[in-house]
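Report on the following structure.
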Amino acid sequence: MKKANIGLFMKHFLKNAFKTKVIYVMLTVFILLTAYAAVSGIHNYSEQNSIRLEHQEKARQSWEANPDKHPHRMAHFGTFAFRMKQPLSMFDYGIESFTGNAVFLEAHRQNSVNFSDAGFSTGTLRFGELSMAMLLQLVLPLILFFLGFSVVVSERENGTLKILLSQGADWKEILLGKSLGLFVLALLFFAPIVLFTTGFLFFGETSINPADSWQRFLLLFLGYALFLLILCFMSIVVSTTARSSKNALLTLLGIWLFMVVLVPKTSQAIGNAMYPTPSKLSFQSAVERDVIKKGDSHNPDDPYFNRLKDSVLAVHGVDSVTELPFNYGGFVMREGEKTSANLYKKHHDSLLHIYEKQNNVSRFTAVLNPFVAIKTISMAFTGTDFKGYVDFQEQAETYRYQLAQEMNELQMEYISTKKISGSEGKKHVVGHEHWEEFPDFEHQMQPLQSSLNVASLGIFSLLGWVLLSFLGLRYLSKKAKAI
Amino acid sequence: MFRYNFKYESIALLRSKWIQILIVILLLLFGFATYNGQQKTFKRQADIIEANAEIADADRDMLKLLDSVEQGFQVSASSWTIPNAPMAVGNYHPRLASMPPSDLSFLATGQSDMFTHFVKPTASGDDLALNFTEMTSPVQLLFGSFDIAFVVIFLLPLLIIAFSYDVLSSERESGSLRLLAAQPISLYKWLFQKLGLRFFWVAVIMTLSLTLVFLLNQVAIGSNFAAFMGFLAITLAYALFWFALAFAVNLWVGSSGKNAVALLGLWVVFVLLIPAVLNQLGGTLYPMPSRGLMINDMRAIKAEATQRQDEILDNYLRDHPEYAVNDTTQKRSFWHRYMASQQLVKKELEPILIRYERQLEKQQLLLNRFTWVSPAIVVQGSLNQMAGNGNKSYKSYREQVIAFAQEWRNHFLPMLYNNQEFRSENYAQLPKFTFQRPTYQSQSSALFVVLCSALIVLGIGALRFRIYSKKEQSLVNQ
């Protein structure tokens, strides 16, 4: 095997490819689509970002602008948690359109993350969104299969393959050279996307942790390069083994159809059927039932809280709650929040567990399916995957819990001990300076490590596929027939 | 000639196992999709029954409690939840406003995985706080459901492409086209018949397999016969569109390979790119006002209203003298002030709410104007509507729930302001919600659009003959 020969075959392939008009048309159309996807991705990102910045400030202002108030009323006034977007989310929208990016936080109530685009959309969203990731995952494979299907098989049909081999060319050189040629073409299609994304990372308004973004970018685009390499090997392998060029094309299109359309959708549907999701109503009433079973903090005659009251009185050696050194209403609320938050967390965790199990069915097909593998890698590194969403939810819930408890502490400390319960009353208030003391919510974006963990299965799958297709080429170079 | 063409082509299709394969694939796909859709429908029904049972349970407890109170017993419940106060019933014993699935709900998931089908509006709650979104895994939403609509819109075209991409080119490539050209039939007619025959077979197999699959899955075809026929008609029209595309591509493009890729490219354009671009265009031209901003506005209006509660109540009673007259005690509680200010808040918030619906309407309008660009969008909208899971149904549901919330509130207001107690005999008079399904709309306009696009594409194909009418040879020798 000579390196020079490999180079020769590569050049020959490229020369041939650029002889036809088709490649120019495809390249132009693809670049136009890329430009469109890039512009709308950047637009989407900056719009979401400015909305978030504006609202976070407004929400904070209206929180701090509250007059002296009873702390429990402040807890119900509540505030918002806003989600930061990874700059790379302009490249892959992932599940972002379906999740929303803000959540309203108040005492006792775990409001789901809402304000998603999907809730306010016409049905067309369901056809999918045109992003640069979609072009790479769906459209470029089709183009590459078209450019690559006939590469070997047509030479056999023309009879030129015989001549090549009789002149001393080696099968390995032919296959590798042609694969690399196709890969160069693939990179040509890939280049504008890389350019747009780097341009955005350089000049866009992406103030948050540029080092992290660049690392993600690097890993992401390495992943895509591997993916494209696999596609090229795949085309050449099929082209070598097929009986006719028509068969080669049909096989490749079949692979595309099966792996891109049918398998992901079916596996997700199966996952959903295997692990059914409870409806929102039954989820909520399950939580409510559990809370009431444990004890209703708003009910003065609740047995659980009555026992609690007796023990508190005993510890402090007093007969009545009005003699306690703190406001008893705040204390009850604090205990109630603790139990209800724990119960909610328990139910919510089991819900997430169901989602996870559903997703795993299609996630594990990544081992066999490089198209699913690249999809999981892409969503993980652009921070638009399920993990990122859950992560934000958890941070928001932690903050909500702190907020509610802080207000309860204020009530215990500053509200007269004579006032047993209730949040009403204009006399029982806490000074507004305390509102400013409570820090604002700040979304901590997922560390790279956690994205890496999610993507690891996909990465191994891609590496395995590269190895496999390379071995396939080697094997073929011994077995392939020239006639 | 037509008879021979029909007979021998059918035999050829049978011999090549095409028809058998098509039957198996369609049965499998339609079967899985229908089963999947029906399971969801059943679950939705079961959820509603369960929620109703829960309310019935709570009602029984409430009536018991009410009875004890009326008999003068001491009860162990928080004072504000005792149901002799009308507001306690209005807030803690809401009715279920549910949206049961239609008989054909399984056809298309539509928006049903995103929106909830049961809401419990309370007397003191505001309409904005009604949350109509369902709790679904976002990943599931991204992938979408495997329903009949998916099979028809996405997969059926692919099957048709596989069935017809090389009708002309394979004859050319195998050399038999020359023989055919020598026969006393024009190539145009011959190709048209050949594709027409394939369409015929696809239509027959589809109709039979759909009917069989639906019957096996306990779909009430009989009572929805008009809708079922409408569904078949639009599906067949969509199939015709793809056959027309295959016809045009066969004539204009050339070799089998190029045909296949051209057709798949068109599939990507019609099914993925055009809908995505239209969706993004709608969002960019008519962006939704931010919901976060709305909640902020709402809080500001509410805070202001709370400060002026006494004044608002006075004004309110002045506007509603009927409330002030019938009551001799003139007792005023928290709820009196709250509900009066709530009415004001609602009025002030209305323009904000309307802004949303208006933007969404504008997006929908834009979509309606350009929907003909891709038959896939037309068919999706039409199937969603037949299934009763489209945007229109959910909009109607939202409006009905909000109207019901108002009715519910209005039911308790006179009792509140007249300081009347809620009694056991009032229970039967509580308003109830029944979802009025928007009447079935015939899908003839959608059908018309899809048929028109099919005809236009057929025309484009036929143009090849107009332009090269003297040179039929060019088709043979290409």
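Here are a few things to note about the model shown:
- For the range B:132-145, the tally of residues that are under 30 Å from B:Met298 (Cα atoms), within 7 Å of chain A (Cβ to nearest Cβ) and not aliphatic (A, V, I, L, M) stands at 5.
- Taking the range B:149-263 as the region of interest, the helices (runs of 4 or more DSSP H) fully inside it that hold 3 or more residues being of a type in the set (Lys, Arg) are B:187-216.
- Annotation: of all residues in the range A:266-300 being in a loop (DSSP other than H, G, I, E, B) and modelled with pLDDT of 80 or more, the one that is nearest to the other protein chains (Cβ to nearest Cβ) is A:Ser279.
- Scope the range B:287-299; condition assigned to a helix (DSSP H, G or I) and more than 7 Å from chain A (Cβ to nearest Cβ); matching residues: B:Met294, B:Asp297, B:Met298
- When A:Ala186, A:Ala169 are screened for being crowded, with 17+ Cβ neighbours inside 10 Å and over 42 Å from the mean Cα position of the chain (by Cα), only A:Ala169 passes.
- Helices (runs of 4 or more DSSP H) contained in the range A:140-257 and holding at least 2 residues without any contact (Cβ under 8 Å) to a residue 24 or more places away in the chain: A:153-158, A:160-166, A:171-203, A:210-241, A:245-256
- Some residue of the range A:56-76 being closer than 30 Å to B:Gly257 by Cβ, in contact (Cβ under 8 Å) with a residue 40 or more places away in the chain and either assigned to a helix (DSSP H, G or I) or among the aliphatic types (A, V, I, L, M) (or both): no
- Residue-level check: of (1) under 23 Å from the mean Cα position of the chain (by Cα); (2) within 14 Å of another protein chain (Cβ to nearest Cβ); (3) surrounded by fewer than 21 Cβ atoms within 10 Å (Cβ to Cβ), B:Gly265 misses just (1).
Rundown of residues vs (1) surrounded by fewer than 20 Cβ atoms within 10 Å (Cβ to Cβ); (2) of a type in the set (D, E, K, R); (3) part of a helix (DSSP H, G or I), yes/no style:
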| site | (1), (2), (3) |
| --- | --- |
| A:Val390 | yes, no, yes |
| A:Glu409 | yes, yes, yes |
| A:Met412 | no, no, yes |
| A:His443 | yes, no, no |
| A:Gln449 | yes, no, yes |
| A:Trp465 | no, no, yes |
| A:Gly472 | yes, no, yes |
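- Lone qualifier among A:Phe98, A:Phe80 - being within 11 Å of chain B (Cβ to nearest Cβ), within 19 Å of A:His434 (Cα to Cα), crowded, with 17+ Cβ neighbours inside 10 Å and at pLDDT 80 or above: A:Phe80
Residue by residue, here is whether (1) modelled with pLDDT under 75; (2) more than 10 Å from chain A (Cβ to nearest Cβ) holds:
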site: B:Val249; (1), (2): no, yes
site: B:Ala260; (1), (2): no, no
site: B:Leu273; (1), (2): no, no
site: B:Leu285; (1), (2): no, yes
site: B:Ala303; (1), (2): yes, no
site: B:Asp310; (1), (2): yes, yes
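- Extreme residue, farthest from the chain's Cα centre (by Cα), among residues of the range B:379-402 that are of a type in the set (A, V, I, L, M) and crowded, with 20+ Cβ neighbours inside 10 Å: B:Val401
- Flag for B:Gly110 being surrounded by 21 or more Cβ atoms within 10 Å (Cβ to Cβ) and on the phi > 0 side of the Ramachandran plot: yes
- Residue in the range B:86-99 that is in a loop (DSSP other than H, G, I, E, B), surrounded by 23 or more Cβ atoms within 10 Å (Cβ to Cβ) and more than 9 Å from every other protein chain (Cβ to nearest Cβ) present: yes
- Scan of the range A:6-59 for residues that are within 30 Å of A:Leu175 (Cα to Cα), surrounded by fewer than 13 Cβ atoms within 10 Å (Cβ to Cβ) and aliphatic (A, V, I, L, M), ordered by number: A:Val25
- Any chance A:Ala65 is surrounded by fewer than 19 Cβ atoms within 10 Å (Cβ to Cβ), aliphatic (A, V, I, L, M) and within 12 Å of another protein chain (Cβ to nearest Cβ): yes
- Taken together, A:Glu335, A:Glu356 contain a single residue that is part of a helix (DSSP H, G or I), farther than 30 Å from A:Val194 by Cβ and under 26 Å from the mean Cα position of the chain (by Cα), which is A:Glu356.
- Conditions (1) at pLDDT below 90; (2) touching a helix residue (DSSP H, G or I) at 6+ places or on another chain (Cβ under 6 Å); (3) in a helix (DSSP H, G or I); (4) more than 14 Å from chain A (Cβ to nearest Cβ); number of the one not met by B:Ala123: (3)
- Number of residues in the range B:26-61 that are hydrophobic (A, V, I, L, M, F, W, C) and either more than 11 Å from chain A (Cβ to nearest Cβ) or free of Cβ contacts under 8 Å to residues at least 24 places away in the same chain (or both) equals 9.
- Hey, B:Tyr427 part of a helix (DSSP H, G or I), over 30 Å from B:Ala33 (Cβ atoms), among the hydroxyl-bearing types (Ser, Thr, Tyr) and away from chain A (no Cβ under 14 Å) or not: yes
The values are calculated or read from the model by the stated rules, or taken from the named source; none is laboratory data. The model shown is predicted, which means the values in this text are computed figures rather than measured ones. In this analysis, Cβ positions are derived from the backbone assuming ideal geometry, glycine residues included, and neighbour counts consider all displayed protein chains.
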